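Nothing in this text is a laboratory measurement; each read-out follows from the coordinates by a stated rule. Keep in mind that this is a model prediction, so the values were computed, not measured. Methodologically, a virtual Cβ is constructed for each residue, glycine included, from the backbone with ideal geometry; neighbour enumeration extends over all protein chains shown.
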Amino acid sequence: MASKKMKTKARTRPKYKLVYCCIWNDENFKRLPPECQRLALYILTSEQANRVGIFKFSVGKAAEDLDTVSDTVSGMIKIIADTMKWSWDSRFRVVFIPTWWKWNPPDNESAFIGCLTDLFEVPESPLIKEFARNTKYLDKSFHSILENRVCHTVSDTVSPQEQEQEQYQEQEQEQEQEQEKGESASPSVSGVEIPQALDRPDFIEVWGEYIGYRIKRKLGKLQPESITKQFKEFVKWGVDDAVTAINDTIRNGWQGVFPPKKGPANGRSKTSDGIRQGLAL
């Protein structure tokens, strides 16, 4: 979030980080599916995390490190944020952990000031204001330092227009890196190539939400063969109807995805609705 003239040499990431054993007794953590627990531990311990508990988080890098795909990570991180009471800014790709100071208290004022320099690497997300107000677990002796340093940092940033442009550029660079292994290859989710007819941002986003929904409900993992067949059905329906159908499934708590059937009056027949309710879990 710092201006270009204030940026300095990137800090050295620590090789070791503390993980408290009591996390396994945390009620919120225990409610997470195993796949989400793994990602939560990755968020806490990976080199993407910094010393203040608010940091830029690359979904693409997480997917690569965890040997999975971006849509799965995107779906899981929303579940983790809701369950663990963390905050996730998907626009600026920033994670904020409000309980960070509870488990990582600063040793002294000098150490705290040093930690706050990590904010220069954080995009100008609205979560910065939440971070500045978050003093619940911070010793009172550090409150004035937090207020002064964060206010100074925010006031010395680039203009909102320049910052937004920089964020878009960084996102584009990340997307290019994710496709670096094969520029000519078509986009894919869950290891399955997306048909050209479905290659639209709104479809890719809602499919990621559906994957996260299945994880949260502990439904069976979709195998590549099943996804391929489902994509073929989506192509027959058309991408608009496919997006609508997936949203209907998530909203109504169904397990499968069913083609939207339109009735003569309100766009959906009562008969099809009755059948769908019977299929809901």
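Cα centroid separation, the range 16-45 to the range 68-111: 12 Å. Based on alpha carbons, the Rg and Dmax found for the range 40-153 are 14.3, 43 Å. Extension gain, residue 38 to residue 244, is 71.1 nm, computed as 0.36 nm per intervening residue step minus the present C-alpha separation.
Under 5 Å between amide hydrogens, built in the peptide plane, is the criterion, and for residue 94 it picks out 57, 89 among residues at least 5 positions away or on other chains. Given their separation in residues at 0.36 nm each and the Cα-Cα distance between them, residue 85 and residue 30 gain 18.5 nm when the chain is fully extended.
With the simple spin-label model, which puts each label point 7 Å out from Cα in the Cβ direction, the residue 48 to residue 139 separation comes to 3.2 nm.
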